[in-house]
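Trainee: Submitted below is the structure of interest, expressed as structure tokens.
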Amino acid sequence: MVTQNSNSITQASLAEARAGTYRLLSQLYSHELDREVLEFLRENPGIISNNFLTREQEESWLQALRVEYSYLFLLNIYPYESLYTGPEVRLNTVETERVQAFYEELGFNNNSEVFADHVAVELEFMATLAQQEAHYWQKNLKVQAGYLSGLAQKFLQEHLLKWLLIFSLAVQRTTRQAFYRELVEETLAFVCQDFQQLSEGLNEKEVAAIEQRSITAKPSHERSLSNLIRYLITPDEAGFYLCKIEMFRLAQAMQLPSGVGDRFQMLKSLFENAAQYEMLEKLVSALIEIVQGYEEDFDRLITEFEVARPGWQGWQERLKATQQLLEEVGQTLKMTES
Amino acid sequence: MSIDAHKRRSFGDFLKLGKAFMASASVEAPPVPVTKPEPTVSPKDRPINLPPQRMPNGELAQFPPSDKWDDWTEYDAKLWPHKVPRRYMLVPTTCFNCESACGLLAYIDKDTMKVRKFEGNPAHPGSRGRNCAKGPATINQVYDPERILYPMKRVGPRGSGKWERTSWDVALEDIAGRIRKALVEDRKTEVMYHVGRPGEDGYMERVLQSWGIDGHNSHTNICSAGGRFGYAAWMGMDRPSPDHANARFILLISAHLESGHYFNPHAQRIMEGKMAGAKIAVMDPRLSNTASMADYWMPTRPGSEAPVLLAIANVLIQENRFNREFVRRWLNWEQYMKEEQPDLPPTFDEFVNLLKKLYADYTPEYAEHESGVSAEMIRQVAREVGRAGTAFSSHNWRAAAAGNLGGWLVPRCLFFLNVLTGSIGTEGGTSANVWNKFVPKPFVEPPKQKVWNELTWPREYPLAHHEMSFLLPHFLKEGRGKLAMYFTRVYNPVWTNPDGFSWIEALKDETQVECHAALTPTWNETSWLADYVLPMGHGSERHDTHSYETHSAQWIAFRQPVLRVAMEKMGRKFKDTREANPGEVWEEDEFWIELSWRIDPDGSLGVRQYFESPYRPGEKITMDEYYRYIFENSVPGLPEAAKAEGLTPLEYMRKYGAFEIKSDIRQPYERLLNAEELEGSTIDELGVIWSKKPRPHSTDITPKPAQPAGPNGTALGVMVEGAAYAGFPTPSGRLEFFSKTLKDWGWPEYSLPTFERSHVDWHSMDHEANEFTLVPTFRLPTLIHTRTGNAKWLNEISHSNPVWLNPADAERMQVTTNDLVKVNTEIGYFVAKIWVTNGIAPGVIACSHHMGRWRLTEQNGTDRWVSGLADLQQSDSNSGTKGHEWKLTQLKGVEPFKSDDPDSERIWWTDAGVHQNLTFPVHPDPVSGAHCWHQKVLLEKAGLNDRYGDVFVDTAKSHQVYKNWLALARPANHPSGLRRPIWMLRPYKPDPSAFKLPETGR
């Protein structure tokens, strides 16, 4: 007969609670906010600090949130890991397969209709891991439970935590609804805190053993416009995510026609139009401002979540390199003018 | 609500929330067990139990076990996830897509009697069940909607593209009549069989010799003649057989992990060697896939390989890192001292002192200056070679040997390193090909021909290692002869050879080439210029036997028409393979038997006897009988192995497709001769042992170098330090550091391993004026010359051949990737696109082989999977010569087309590549006779009127370049009135009487 000790009970309830938070967050990203979850949030204020509205206002608010969900996650900031960590800037790439492989190793089935590296699926996977961990704690199977918490730490380190930062910042810059701004910020905070507690007990070396790679600012040996644009729209290179609406806003601010098409097309026509109206310098400065905005947020977040520093430093370096590159471009433009 | 105004929640808050959420009604998901998921089972599945196949040690088998090959069930992979079982018969054959002849297993669907796929044959000792992409792609070739199914006869003028279907009878009667007439009228040099990839051993030699003609022609001198001659100068045997798997250091002057001779069998053994700790060095100006996997990439400037090798040799010699004992015992240093240094005492120490002096100038620093590879790396590699000792394997086949004037000196210098380390025939060393090859004797052999063909073996090139095939159009132009009957088989000289427009001119001339039959499975640029196009089977539709030196073993493999074999097993009888093949596609073996019978229907010419059954006198031999005799009588160990399984030798080969005769063959030259062998023998002044005693019967007819019989009989071996050894088949019985043959035949300056400045030597290039060396020879792992044009998968993978250009050169020239450039050669130009890459050394450009296929009409000609539609114009040249200017314009690239194969409408690629070989003049090396492929070119940006794929050539200029190179030859030296040294190899070697020049009267 296995006797449970009090530590196991505490651990079990901790894991259980973590599972709940992950699952709740997963649901908030997997589809629009529905009334059922709203009821829960109303009864358990915490994830968002909104003062709730009257029933009448609530319906139109929910409607606005549905629109915002599409606006954000279906039109502008696709919540898939492969877009942020891979060189291809496409969905369902080798990065997706790596995530899938992680799941398969543990027999986790992605039953949703989205790719394995959707933020909701990754969060649900974390929930599943935590829930199973709780199950082991309840049975006092410490080794198994420890194994699962180790895997959870590894998954955060190799996947979710790595890209959640940039995704979260992009959403914060883009959204028009406080709900989603807070959601991404709280998600990031929770994941960081969870990573922190999972990493306790691991030595520093293990925590820091995060893939580092050298950052190059040069788009490639050929400095063509196409290469510059490809660089700027590739988060894995540029260090930030430039979404369509951001480009649209840039164009509007400069009173330029905004292009249509994919991000590459849009940014290309933005550059071409800026050149036509001799506003290239202005465009480059605006881009530098965006980069600086990201850099400021980075500085703040890295200070707050020291534990994520090793994994995030690469982003910071990328941003610095991008700023430098854009400044060089700006300089070249000035020289050409004079 | 701003971010700043928002107060961060604590972890505890989150946990409270989570706890509440888990407890709330909205959580429906039950705990997901973290275990492996069960595979979902589709209701469509028919219940069938296919247990995994295991090997005796319990591991999962990678192949179906051979006892189930006659009836094998597995799920149809294309219908996954539904589990639909299919029943197959597995019949082995060999791949025909390169020279390696790897084993294939044809999966024949028993319900439809169609081949559904090809996989590897685990019973094949060379490939061991592993194949490259080209093997499984055989299925594309079998079901290619563009393939030729019936014999075709030209109806318009030659080359006009007008054809009609004809019958095999009509073609055979016409061709047999022409050959019979030539034989009767003693025009035995007017029938020529010109083969690209033979894909067989011994069969055609027997056919042509039975006709009494000297009619064999090959592709070898545009390929390996330089490589071969370098090895032959050392040991007579002309190919290396490295034991990569056991080597400690591997030096490659070729790209054996991706192409090269015996690519797949060698690549897997190089990997084994590397996994066991061997290091690899690759000498190549291009970062090939092989170089990218090497420990040392040595990007030598083209033509500077020999100095680097000599510098390595020099380090080994000066630092005393060479194998003194081996060198003392096996080099012909005594002969060298006597002949060349008569004033010095003929001692080994003196020779070593001399050796140190001879190569002292080849310092790593000198080699760095010549090659661009750092002296430091050269030293490191030299020390690695020295450390590897007898486990040093090396290989050069085409690459530098096929690129440069004096290219044959590259393998000569490379093998020098094996000689110095004593790594010849050792474990992990490099053997001679004939030690690892076995050609079994057929039931009766015709006598050697007593005639010599000067169209293939002209007097200017007495040492040419193979036929001067690529000069044929120029020889015909000069009136050196004509051809009454010309066969091309798996050969596309108009596309593959240099100077293709001269080939078109020659092949169009019906007075020079009276009849041309192309034996081919598919249309190509050359068959377009034939009178008959005769469809022949692919690798799974024909019989052949072959044996190649893939590793330290001897094996034979059996290619078979798999559907015929499968149906015969099920009881059906066939008259010939045509009945089992698609349309009226035939196989060569049966074709030559039938043709020979028709040449000599009553047996009066003495031809027919060689094609009569050994089992049914006077009747036509069948394939079963031909191969039954060989397998029962000429393959040691095969009858016993077959008996152990209750099979006849033929049944055994039909079942397994391959047989290993011997393995781990080491240093046969070290075999001590026994007293019985030595009885009554004599020893000459070089120590060579001669014997008049008849040799024991051997069923291995692999061509080997051999000194001609003299008054003391034939050479048996050699005395080394007082003992009688088998030795090497050279005039000295040893490895020839000093080649008296080269000295006697007019090339004394090359009698020792040395180097010659290439025609593309970098000193002669004005790099600033954009003069470059073009490396046009490299192959891709997924294609093979023009033979894979009909494999859709392979063309989907590779269909573009841009010009590789170093970024530094690109910057100077202000060009970037995809920009069009005009590449000017001595005789014309081609227009191609640029690929800027660090994978090529500065000053060198490279363009891959295979691409740039074309056809002249919308519907017919070269396969549409691979070819662009082109316009070809011939006009008078500015210099006034008639019709010598040729312009090929690509009208459109590859595009989708309608056919029985729905994939043909899904073609998404458009690039057909650029045909560069047309713009290369012939460059015959005056010693080896090899074409020197590298080109000195002038690169410029394309002009406004230049279009991608444009090719322009003036053939009057190309004839002039031919004459310039011909002038380098030294035809006057024919010692003893011979056409060439008898002891050296010559394919389809004639009777010794044919070697005598007629004017000497000897």
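Quick note: the coordinates plus some simple rules give every number you see, no bench work behind them. Everything quoted here is computed from the prediction, not taken from an experiment. In this analysis, Cβ positions are derived from the backbone assuming ideal geometry, glycine residues included, and neighbour counts consider all displayed protein chains.
Trainee: So what's the gap between the Cα centers of segment B:643-658 and segment A:227-264, to the nearest angstrom?
Mentor: A separation of 69 Å, based on Cα centres.
Trainee: Which distance in nm do the two modelled labels at A:Glu278 and B:Arg324 give, with both placed 7 Å along the Cα-to-Cβ direction?
Mentor: Label at A:Glu278, label at B:Arg324, 8.4 nm between them.
Trainee: Based solely on its DSSP helices, what 222 nm [θ] is calculated for chain B when runs of n ≥ 4 H residues each add -39,500 (n - 2.57) and the sum is averaged over all residues, nearest 500 deg cm²/dmol?
Mentor: The helix-only estimate for chain B comes to -7000 deg cm²/dmol at 222 nm.
Trainee: Could you tell me the calculated FRET efficiency between B:Asn964 and B:Glu679, based on Cβ-Cβ distance and R0 = 41 angstrom, to the nearest 0.05?
Mentor: Step by step, r from the Cβ atoms, then E = 0.15.
Trainee: Might you report the magnitude of the Cβ-based charge dipole of the protein assembly as shown about its Cα centre, with Lys and Arg at +1 and Asp and Glu at -1, to the nearest 20 debye?
Mentor: Details: 147 positive and 174 negative charges, 529 e Å.
So the dipole magnitude of the protein assembly as shown works out to roughly 2540 debye.
Trainee: Along the Cα→Cβ direction, 7 angstrom out, place labels at A:Val94 and B:Trp909. What is the inter-label distance in nm?
Mentor: 2.0 nm
Trainee: Report the FRET efficiency, 1/(1 + (r/R0)^6), for B:Glu768 and B:Met293, where r is their Cβ-Cβ distance and R0 is 41 Å, rounded to 0.05.
Mentor: 0.75
Trainee: Under a Cβ-only charge scheme (Lys and Arg +1, Asp and Glu -1), can you give me the dipole magnitude of chain B about the Cα centre, in debye to the nearest 20?
Mentor: 1540 debye
Trainee: Further question: For a 21 Å ceiling on Cα separation, which of these pairs sit above it: B:Lys448/B:Lys477; B:Lys437/B:Lys989; B:Lys134/B:Lys279? Write down the numbers at each step before the final one.
Mentor: Details: B:Lys448/B:Lys477 30 Å; B:Lys437/B:Lys989 18 Å; B:Lys134/B:Lys279 28 Å.
Checking Cα-Cα distances, B:Lys448/B:Lys477; B:Lys134/B:Lys279 exceed 21 Å.
Trainee: What is the distance, in nm, between label points placed 7 Å from the Cα along the Cα-to-Cβ direction at B:Ala61 and at B:Thr817?
Mentor: Here the modelled spin labels are 4.7 nm apart.
Trainee: Where the eigenvalues come from the Cα gyration tensor of the protein assembly as shown, what are the semi-axes √(5λ) of the equivalent ellipsoid, largest first, in whole Å?
Mentor: 65, 36, 34
Trainee: Does chain B classify as rounded, prolate or oblate by the C-alpha gyration tensor (a ≥ b ≥ c root eigenvalues; a/c under 1.5 gives rounded; else a/b over b/c gives prolate, otherwise oblate)?
Mentor: Numbers: a/c = 1.28, a/b = 1.18, b/c = 1.08.
Since a/c stays below 1.5, the shape of chain B is classed as rounded.
Trainee: Moving to a separate point now. So for B:Glu205, B:Glu999, fewest C-beta neighbours within 10 Å to most, what's the order?
Mentor: Final ranking by Cβ density, sparse to dense: B:Glu999, B:Glu205.
Trainee: How much of the calculated P(r) for segment A:19-142 lies past 22 Å, in percent of all Cα pairs?
Mentor: Percent of Cα pairs beyond 22 Å in segment A:19-142: 47.
Trainee: How far, in nm, would the chain grow between A:Gln63 and A:Gln197 when pulled straight, counting 0.36 nm per residue and subtracting the alpha carbon separation? Can you show the working numbers first?
Mentor: On the way: separation 134, 0.36 × 134 = 48.24 nm, distance 3.73 nm.
Separation in residues times 0.36 nm, less the Cα-Cα distance, equals 44.5 nm.
Trainee: For an R0 of 51 angstrom, estimate the FRET efficiency from the Cβ-Cβ distance between B:Ser976 and B:Asp70 and round to the nearest 0.05. Spell out each step's value before the answer.
Mentor: Numbers: r = 60 Å, r/R0 = 1.17.
That gives a FRET efficiency of 0.30.
Trainee: What is the dipole size for segment A:22-143, taken about its Cα centre, with +1 at each Lys and Arg Cβ and -1 at each Asp and Glu Cβ, in debye to the nearest 20?
Mentor: Approximately 340 debye in magnitude.
Trainee: Next up: Calculate one ³J(HN,Hα) per residue across segment B:782-787 by plugging θ = phi - 60° into the Karplus curve 6.51 cos²θ - 1.76 cosθ + 1.60, and present them in order as whole Hz with x for glycine and proline.
Mentor: 9, 9, 9, 6, 9, 6
Trainee: Still on this structure: Give me the count of lysine pairs in chain A whose alpha carbons sit under 20 angstrom apart, restricted to pairs 8 or more positions apart or on different chains.
Mentor: Within chain A, the lysine pair count is 13.
Trainee: To continue, here is another question. State the extension gain, in nm to one decimal, for the chain segment bounded by B:Glu454 and B:Glu895, taking 0.36 nm per residue of separation less the distance between their alpha-carbons.
Mentor: Working: separation 441, 0.36 × 441 = 158.76 nm, distance 4.48 nm.
Working it through step by step, the gained length comes to 154.3 nm.
Trainee: Among B:Ala769, B:His697, B:Leu686, which residue has its Cα furthest toward the positive end of the charge dipole of segment B:682-791, with +1 on Lys/Arg Cβ and -1 on Asp/Glu Cβ?
Mentor: Looking along the dipole axis, the top candidate is B:His697.
Trainee: Need one word for segment B:512-626: rounded, prolate or oblate. Basis is the Cα gyration tensor (sqrt eigenvalues a ≥ b ≥ c); a/c below 1.5 gives rounded, then a/b vs b/c decides.
Mentor: rounded
Trainee: How many angstrom lie between the Cα centre of segment A:122-152 and the Cα centre of segment B:392-413?
Mentor: So the two Cα centres are separated by 62 Å.
Trainee: Taking the Cα centre of each part, how many Å lie between segment B:844-877 and segment B:481-537?
Mentor: Centre-to-centre (Cα) distance: 16 Å.
Trainee: Using the number of other C-beta atoms within 10 angstrom as an exposure proxy, rank B:His538, A:His118 with the fewest first.
Mentor: Neighbour counts put them in this order, fewest first: A:His118, B:His538.
Trainee: Enter the mean number of other protein chain beta carbons within 10 Å of the beta carbon of each residue in A:191-199, as an integer.
Mentor: 2
Trainee: What share of the DSSP beta bridges in chain B is antiparallel, in percent to the nearest 5?
Mentor: 65 percent
Trainee: Rank A:Thr332, B:Gly303, A:Ser8 by how far each Cα sits towards the positive end of the charge dipole of the protein assembly as shown (+1 on Lys, Arg Cβ; -1 on Asp, Glu Cβ) and give me just the farthest.
Mentor: B:Gly303
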